[in-house]
Amino acid sequence: MPNMRKFHYSSLKEAADHTLEMISNHINVNTFCVASNDRVTSLIFSVFHRREKLFKAGTSLGFLDAY
């Protein structure tokens with residue numbers, strides 16, 4: 001693919017933080033997060049808040065509450 005940029009990250013957290021920052025430049029919502037889940041709980045790995053801080057990285061939420 002032409003003009004494809006390659007990114008090199010030292011950790012998954014660094015890549016997730018960069019991804020959230022990029023998304024925040026294009027979609028105007030308050031909160032984005034990267035999370036993993038086991039269909040019971042969601043563990044927030046990385047989070048971006050534009051204004052109101054709803055939770056922080058490391059927070060565990062009920063699976064359905066994470067949406």
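Only the coordinates and a few stated rules stand behind these numbers; no lab work does. Not measured: the values here are computed from a predicted model. Cβ sites come from the backbone with ideal geometry, for glycine too, and all protein chains shown count toward neighbours.
Please work out which residue is surrounded by the most Cβ atoms within 10 Å (Cβ to Cβ), limiting yourself to the stretch 34-46 and to residues that are of a type in the set (A, V, I, L, M, F, W, C) and within 20 Å of Phe7 (Cβ to Cβ). Break it down into steps so the answer makes sense when it comes.
Narrowing the stretch 34-46 to residues of a type in the set (A, V, I, L, M, F, W, C): 34-35, 40, 43-45.
Next, from what is left, pick out any that are within 20 Å of Phe7 (Cβ to Cβ): 34, 45.
Values: Val34: 18, Phe45: 16.
That would be Val34.
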Residues being part of a loop (DSSP other than H, G, I, E, B) and among the acidic types (Asp, Glu) - total across the stretch 18-59: 2
